[in-house]
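Working notes, beginning with the structure itself.
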Amino acid sequence: MLGSHVGLGGKEQFEGSVKEALSYGAETFMVYTGAPQNTRRKDLSEMRIPEATALMKENGIREFVVHAPYIVNLGNTVKPEAFDFAVEFLREELRRTAAMGSRTMVLHPGAHVGEGEDAGIMQIIKGINLIFDADTEAHIALETMAGKGSELGTSFEQMARIYDGVKYNDKLRLCLDTCHLNDAGYPVKDDFEGVLESLTRYFPLNQVACIHLNDSKNEQGAGKDRHENIGFGTIGFERLHAITKMPEFLDTPIILETPYVPKDGEKERAYSPYRREIEMLRSGVFDPDLLAKVRMDAEQE
Ligand code: ZN
Ligand code: FE
Ligand code: FE
(Lines give C-alpha, C1' and ligand atoms only; values in the text may rest on other atoms or scores of the structure.)
(Ligands and ions follow the chains in the order given, each with its own letter.)
Protein backbone atom coordinates (compact mmCIF):
# COMPACT_ATOMS: atom_id res chain seq x y z
CA MET A 1 0.00 0.00 0.00
CA LEU A 2 1.21 3.40 -1.05
CA GLY A 3 1.24 6.70 0.85
CA SER A 4 3.45 9.48 2.04
CA HIS A 5 4.51 11.18 5.16
CA VAL A 6 1.94 13.81 6.23
CA GLY A 7 1.87 16.65 8.76
CA LEU A 8 0.20 16.83 12.13
CA GLY A 9 -0.73 20.03 13.87
CA GLY A 10 -3.12 22.98 14.02
CA LYS A 11 -6.72 22.60 15.10
CA GLU A 12 -7.40 19.40 13.21
CA GLN A 13 -4.46 17.48 14.61
CA PHE A 14 -4.46 13.79 13.68
CA GLU A 15 -7.76 14.15 11.82
CA GLY A 16 -6.00 16.69 9.59
CA SER A 17 -3.23 14.16 8.92
CA VAL A 18 -5.78 11.65 7.64
CA LYS A 19 -7.42 14.31 5.48
CA GLU A 20 -4.04 15.19 4.00
CA ALA A 21 -3.36 11.53 3.17
CA LEU A 22 -6.79 11.22 1.52
CA SER A 23 -6.14 14.34 -0.56
CA TYR A 24 -3.17 12.50 -2.08
CA GLY A 25 -5.24 9.43 -2.90
CA ALA A 26 -3.06 7.46 -0.48
CA GLU A 27 -3.88 4.06 1.02
CA THR A 28 -1.62 4.58 4.01
CA PHE A 29 0.54 7.31 5.54
CA MET A 30 3.24 8.12 8.05
CA VAL A 31 3.04 10.78 10.70
CA TYR A 32 5.22 12.33 13.37
CA THR A 33 3.20 12.78 16.56
CA GLY A 34 4.41 16.39 16.70
CA ALA A 35 7.26 18.38 15.15
CA PRO A 36 9.94 15.88 14.04
CA GLN A 37 12.77 18.10 15.22
CA ASN A 38 11.50 18.54 18.78
CA THR A 39 9.86 16.50 21.49
CA ARG A 40 7.00 18.73 22.59
CA ARG A 41 3.86 16.62 22.34
CA LYS A 42 0.16 17.31 22.81
CA ASP A 43 -1.97 15.29 25.17
CA LEU A 44 -3.63 12.35 23.40
CA SER A 45 -7.06 13.70 24.37
CA GLU A 46 -6.45 16.80 22.25
CA MET A 47 -5.32 14.97 19.14
CA ARG A 48 -8.73 14.14 17.63
CA ILE A 49 -7.95 10.45 17.51
CA PRO A 50 -11.55 9.13 17.41
CA GLU A 51 -12.36 11.48 14.51
CA ALA A 52 -9.23 10.41 12.65
CA THR A 53 -9.97 6.73 13.25
CA ALA A 54 -13.52 7.10 11.95
CA LEU A 55 -12.28 8.88 8.82
CA MET A 56 -9.71 6.15 8.16
CA LYS A 57 -12.38 3.49 8.52
CA GLU A 58 -14.76 5.27 6.15
CA ASN A 59 -12.04 5.49 3.53
CA GLY A 60 -10.48 2.06 3.86
CA ILE A 61 -7.15 3.12 5.38
CA ARG A 62 -6.22 0.03 7.37
CA GLU A 63 -2.72 0.87 8.43
CA PHE A 64 -0.38 3.78 9.07
CA VAL A 65 2.97 4.21 10.76
CA VAL A 66 4.39 6.69 13.24
CA HIS A 67 7.90 8.10 12.91
CA ALA A 68 9.80 8.90 16.10
CA PRO A 69 11.48 12.32 16.17
CA TYR A 70 14.92 12.13 14.62
CA ILE A 71 16.71 14.15 17.30
CA VAL A 72 16.60 11.53 20.04
CA ASN A 73 19.68 9.30 20.07
CA LEU A 74 19.72 5.92 21.77
CA GLY A 75 23.35 5.42 20.73
CA ASN A 76 24.70 8.23 22.87
CA THR A 77 27.21 7.07 25.46
CA VAL A 78 28.72 10.54 25.91
CA LYS A 79 25.80 12.38 27.48
CA PRO A 80 23.93 10.11 29.92
CA GLU A 81 21.13 12.66 30.24
CA ALA A 82 20.53 12.59 26.46
CA PHE A 83 20.33 8.79 26.53
CA ASP A 84 17.97 8.79 29.54
CA PHE A 85 15.78 11.36 27.85
CA ALA A 86 15.66 9.30 24.64
CA VAL A 87 14.58 6.18 26.56
CA GLU A 88 11.88 8.02 28.51
CA PHE A 89 10.57 9.83 25.46
CA LEU A 90 10.51 6.79 23.17
CA ARG A 91 8.72 4.65 25.74
CA GLU A 92 5.99 7.28 25.85
CA GLU A 93 6.03 7.67 22.06
CA LEU A 94 5.47 3.95 21.64
CA ARG A 95 2.42 4.18 23.91
CA ARG A 96 1.17 7.10 21.83
CA THR A 97 1.69 5.05 18.67
CA ALA A 98 -0.50 2.23 19.99
CA ALA A 99 -3.12 4.66 21.32
CA MET A 100 -3.38 6.30 17.90
CA GLY A 101 -4.09 2.89 16.39
CA SER A 102 -0.76 2.04 14.79
CA ARG A 103 1.40 -0.98 15.46
CA THR A 104 4.64 0.46 14.05
CA MET A 105 6.93 3.26 15.21
CA VAL A 106 9.84 3.87 12.83
CA LEU A 107 13.07 4.78 14.60
CA HIS A 108 16.52 5.89 13.44
CA PRO A 109 18.54 3.45 15.56
CA GLY A 110 21.07 6.03 16.74
CA ALA A 111 24.53 7.48 16.25
CA HIS A 112 27.68 6.63 18.16
CA VAL A 113 28.88 10.29 18.26
CA GLY A 114 32.55 9.34 17.97
CA GLU A 115 32.64 6.42 20.43
CA GLY A 116 32.69 3.75 17.74
CA GLU A 117 30.28 1.22 16.30
CA ASP A 118 30.47 -1.30 19.13
CA ALA A 119 29.82 1.22 21.89
CA GLY A 120 26.94 2.73 19.95
CA ILE A 121 25.29 -0.58 19.19
CA MET A 122 25.59 -1.74 22.82
CA GLN A 123 23.97 1.51 23.91
CA ILE A 124 21.09 1.16 21.41
CA ILE A 125 20.48 -2.37 22.70
CA LYS A 126 20.52 -1.15 26.29
CA GLY A 127 18.05 1.61 25.35
CA ILE A 128 15.60 -0.67 23.56
CA ASN A 129 15.75 -3.11 26.47
CA LEU A 130 14.72 -0.24 28.75
CA ILE A 131 11.89 0.75 26.40
CA PHE A 132 10.30 -2.67 25.81
CA ASP A 133 8.61 -4.72 28.46
CA ALA A 134 6.38 -7.78 28.15
CA ASP A 135 3.30 -5.57 27.69
CA THR A 136 4.63 -3.26 24.98
CA GLU A 137 2.03 -3.27 22.19
CA ALA A 138 3.53 -1.39 19.24
CA HIS A 139 6.67 -2.45 17.42
CA ILE A 140 9.82 -0.45 16.80
CA ALA A 141 10.88 -0.62 13.14
CA LEU A 142 14.60 0.15 12.90
CA GLU A 143 15.23 2.25 9.81
CA THR A 144 18.21 1.50 7.55
CA MET A 145 20.43 4.58 7.59
CA ALA A 146 22.67 6.23 4.99
CA GLY A 147 25.75 6.53 7.21
CA LYS A 148 25.83 10.30 7.55
CA GLY A 149 28.00 11.40 10.49
CA SER A 150 28.24 8.51 12.95
CA GLU A 151 24.84 6.98 12.16
CA LEU A 152 24.35 3.31 12.96
CA GLY A 153 21.98 0.89 11.26
CA THR A 154 23.77 1.24 7.92
CA SER A 155 23.92 -2.51 7.27
CA PHE A 156 21.70 -5.53 7.86
CA GLU A 157 24.54 -7.01 9.85
CA GLN A 158 24.36 -4.12 12.34
CA MET A 159 20.58 -4.53 12.53
CA ALA A 160 21.05 -8.22 13.29
CA ARG A 161 23.45 -7.33 16.10
CA ILE A 162 20.81 -5.07 17.62
CA TYR A 163 18.12 -7.79 17.33
CA ASP A 164 20.50 -10.27 18.97
CA GLY A 165 20.88 -8.10 22.06
CA VAL A 166 17.22 -7.18 22.55
CA LYS A 167 15.29 -9.36 24.96
CA TYR A 168 11.83 -8.80 23.43
CA ASN A 169 13.07 -8.75 19.86
CA ASP A 170 9.74 -10.15 18.70
CA LYS A 171 8.66 -6.50 18.99
CA LEU A 172 11.37 -5.27 16.60
CA ARG A 173 10.84 -4.75 12.87
CA LEU A 174 12.73 -3.15 9.98
CA CYS A 175 12.05 -0.12 7.82
CA LEU A 176 13.91 -0.12 4.48
CA ASP A 177 14.64 3.36 3.13
CA THR A 178 15.62 3.07 -0.54
CA CYS A 179 17.61 6.33 -0.54
CA HIS A 180 19.44 5.40 2.64
CA LEU A 181 20.23 1.89 1.37
CA ASN A 182 21.61 3.34 -1.86
CA ASP A 183 23.66 5.95 -0.03
CA ALA A 184 24.94 3.29 2.40
CA GLY A 185 26.29 1.31 -0.57
CA TYR A 186 23.59 -1.24 -1.41
CA PRO A 187 22.88 -1.67 -5.15
CA VAL A 188 19.20 -0.65 -5.01
CA LYS A 189 19.08 0.40 -8.67
CA ASP A 190 21.13 -2.37 -10.26
CA ASP A 191 20.40 -5.36 -8.06
CA PHE A 192 17.55 -4.97 -5.60
CA GLU A 193 17.09 -8.74 -5.60
CA GLY A 194 20.67 -8.92 -4.32
CA VAL A 195 19.87 -6.36 -1.61
CA LEU A 196 16.98 -8.53 -0.44
CA GLU A 197 19.26 -11.55 -0.52
CA SER A 198 21.70 -9.75 1.82
CA LEU A 199 18.73 -8.95 4.04
CA THR A 200 17.41 -12.50 4.18
CA ARG A 201 20.79 -13.78 5.29
CA TYR A 202 19.79 -12.25 8.65
CA PHE A 203 16.02 -11.73 8.59
CA PRO A 204 12.91 -13.24 7.06
CA LEU A 205 11.27 -10.77 4.65
CA ASN A 206 8.25 -10.45 6.93
CA GLN A 207 10.40 -8.39 9.32
CA VAL A 208 10.05 -5.49 6.88
CA ALA A 209 7.17 -3.49 8.37
CA CYS A 210 7.64 -0.34 6.34
CA ILE A 211 9.42 0.91 3.23
CA HIS A 212 10.50 4.52 2.73
CA LEU A 213 10.40 4.95 -1.02
CA ASN A 214 12.73 7.78 -2.00
CA ASP A 215 14.99 8.48 -4.92
CA SER A 216 18.48 9.74 -4.03
CA LYS A 217 20.41 12.85 -5.05
CA ASN A 218 23.68 10.94 -4.59
CA GLU A 219 25.52 7.98 -6.02
CA GLN A 220 25.47 4.54 -4.43
CA GLY A 221 27.75 4.53 -1.38
CA ALA A 222 27.89 8.34 -1.02
CA GLY A 223 26.91 8.14 2.66
CA LYS A 224 24.87 11.33 2.27
CA ASP A 225 21.08 10.94 2.84
CA ARG A 226 19.54 13.47 0.49
CA HIS A 227 16.18 12.35 -0.84
CA GLU A 228 15.08 13.11 -4.39
CA ASN A 229 11.67 12.99 -6.10
CA ILE A 230 10.70 9.64 -7.63
CA GLY A 231 12.45 9.15 -10.95
CA PHE A 232 14.58 12.30 -10.68
CA GLY A 233 17.52 10.78 -8.82
CA THR A 234 20.21 8.13 -9.14
CA ILE A 235 17.89 5.17 -8.38
CA GLY A 236 15.34 6.01 -11.02
CA PHE A 237 11.67 5.39 -11.69
CA GLU A 238 11.91 1.85 -12.99
CA ARG A 239 13.33 0.35 -9.82
CA LEU A 240 11.18 2.37 -7.42
CA HIS A 241 8.03 1.52 -9.37
CA ALA A 242 8.99 -2.17 -9.40
CA ILE A 243 9.28 -2.15 -5.60
CA THR A 244 5.69 -0.89 -5.28
CA LYS A 245 4.53 -3.87 -7.37
CA MET A 246 6.40 -6.61 -5.51
CA PRO A 247 3.93 -9.21 -4.23
CA GLU A 248 6.01 -9.52 -1.03
CA PHE A 249 5.31 -5.88 -0.16
CA LEU A 250 1.71 -5.42 -1.31
CA ASP A 251 0.50 -5.17 2.30
CA THR A 252 3.50 -3.19 3.54
CA PRO A 253 3.13 0.57 4.04
CA ILE A 254 5.30 2.14 1.31
CA ILE A 255 5.88 5.74 2.30
CA LEU A 256 7.18 8.61 0.16
CA GLU A 257 9.48 11.07 1.93
CA THR A 258 10.50 12.90 -1.23
CA PRO A 259 11.21 16.63 -1.13
CA TYR A 260 8.58 19.34 -1.59
CA VAL A 261 8.87 21.17 -4.89
CA PRO A 262 10.06 24.75 -4.42
CA LYS A 263 8.13 27.53 -6.14
CA ASP A 264 10.20 29.09 -8.92
CA GLY A 265 12.43 31.77 -7.47
CA GLU A 266 10.86 31.59 -4.01
CA LYS A 267 12.67 29.15 -1.80
CA GLU A 268 10.41 29.67 1.22
CA ARG A 269 7.39 28.26 -0.59
CA ALA A 270 7.28 24.66 -1.69
CA TYR A 271 4.52 22.29 -2.74
CA SER A 272 3.74 18.73 -1.81
CA PRO A 273 4.57 16.33 -4.66
CA TYR A 274 2.75 13.35 -3.14
CA ARG A 275 -0.56 13.32 -5.02
CA ARG A 276 1.26 13.43 -8.35
CA GLU A 277 3.98 10.97 -7.34
CA ILE A 278 1.45 8.42 -6.08
CA GLU A 279 -0.54 8.78 -9.30
CA MET A 280 2.63 8.34 -11.38
CA LEU A 281 3.71 5.24 -9.46
CA ARG A 282 0.25 3.73 -9.94
CA SER A 283 0.29 4.49 -13.67
CA GLY A 284 3.70 2.87 -14.06
CA VAL A 285 4.87 5.57 -16.47
CA PHE A 286 7.52 8.14 -15.58
CA ASP A 287 6.50 11.75 -16.20
CA PRO A 288 9.50 14.06 -16.76
CA ASP A 289 7.18 17.08 -16.35
CA LEU A 290 5.96 15.99 -12.92
CA LEU A 291 7.60 18.76 -10.90
CA ALA A 292 6.24 21.47 -13.22
CA LYS A 293 2.79 19.92 -12.82
CA VAL A 294 3.10 19.97 -9.04
CA ARG A 295 3.80 23.72 -9.26
CA MET A 296 0.91 24.26 -11.65
CA ASP A 297 -1.57 22.39 -9.43
CA ALA A 298 -0.57 24.45 -6.43
CA GLU A 299 -0.71 27.75 -8.22
CA GLN A 300 -4.17 27.07 -9.59
CA GLU A 301 -5.59 26.58 -6.11
ZN1 ZN B 1 13.45 8.16 8.95
FE1 FE C 1 13.26 7.35 5.88
FE1 FE D 1 16.61 10.32 5.04
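The values are calculated or read from the model by the stated rules, or taken from the named source; none is laboratory data. Because the structure is predicted, anything quoted here is derived from the model rather than measured. Methodologically, a virtual Cβ is constructed for each residue, glycine included, from the backbone with ideal geometry; neighbour enumeration extends over all protein chains shown. For the accessible areas, the whole protein counts, side chains as well, though only heavy atoms, and no ligand, DNA or RNA atoms are used. Shrake-Rupley method; radii C 1.70, N 1.55, O 1.52, S 1.80 Å.
Listed values, structure above:
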{"quantity": "Selection status of Leu250, touching a residue at least 60 places away in the same chain (Cβ under 8 Å), open to solvent by 10 Å² or more (accessible area, probe 1.4 Å) and within 18 Å of Leu176 (Cα to Cα)", "calculated": "yes"}
{"quantity": "Number of positions in segment 181-231 that are closer than 24 Å to His67 by Cβ, away from ligand 3 (no atom under 16 Å from the Cβ) and either in a loop (DSSP other than H, G, I, E, B) or in contact with a His (Cβ under 6 Å, 6 or more places away or on another chain) (or both)", "calculated": "4"}
{"quantity": "Considering residues of segment 57-89 that are within 16 Å of ligand 3 (Cβ to nearest atom) and of a type outside the set (Val, Ile, Thr) only, the residue farthest from Ala119 (Cα to Cα)", "calculated": "His67"}
{"quantity": "Those residues of segment 16-38 which are under 26 Å from Val72 (Cβ atoms) and modelled with pLDDT of 95 or more, in sequence order", "calculated": "Gly16, Ser17, Val18, Glu20, Ala21, Thr28, Phe29, Met30, Val31"}
{"quantity": "Matching residues, segment 179-235, being away from ligand 1 (no atom under 16 Å from the Cβ), among the charged types (D, E, K, R) and over 22 Å from Leu281 (Cβ atoms)", "calculated": "Glu197, Arg201, Glu219"}
{"quantity": "So Asp225, is it open to solvent by less than 40 Å² (accessible area, probe 1.4 Å), at pLDDT 95 or above, acidic (Asp, Glu) and in contact with a helix residue (DSSP H, G or I) (Cβ under 8 Å, 6 or more places away or on another chain)", "calculated": "yes"}
{"quantity": "Residue that is in a strand (DSSP E or B), surrounded by 19 or more Cβ atoms within 10 Å (Cβ to Cβ) and at pLDDT 95 or above, where the choices are Ile278, Ile243, Ile255", "calculated": "Ile255"}
{"quantity": "Test result for Met47, surrounded by 16 or more Cβ atoms within 10 Å (Cβ to Cβ), farther than 25 Å from Asp251 by Cβ and not charged (D, E, K, R)", "calculated": "yes"}
{"quantity": "Counted residues, segment 281-300 - those being at pLDDT 95 or above and either polar (S, T, N, Q) or touching a Ser or Thr at 6+ places or on another chain (Cβ under 6 Å) (or both)", "calculated": "2"}
{"quantity": "In segment 281-295, the residues that are touching a residue at least 60 places away in the same chain (Cβ under 8 Å) and open to solvent by less than 50 Å² (accessible area, probe 1.4 Å)", "calculated": "Leu281, Leu290, Leu291"}
{"quantity": "Some residue of segment 285-299 being within 26 Å of His67 (Cβ to Cβ), assigned to a helix (DSSP H, G or I) and under 19 Å from the mean Cα position of the chain (by Cα)", "calculated": "no"}
{"quantity": "Scope segment 260-275; condition open to solvent by 30 Å² or more (accessible area, probe 1.4 Å), under 27 Å from Met1 (Cβ atoms) and assigned to a strand (DSSP E or B); matching residues", "calculated": "Ala270"}
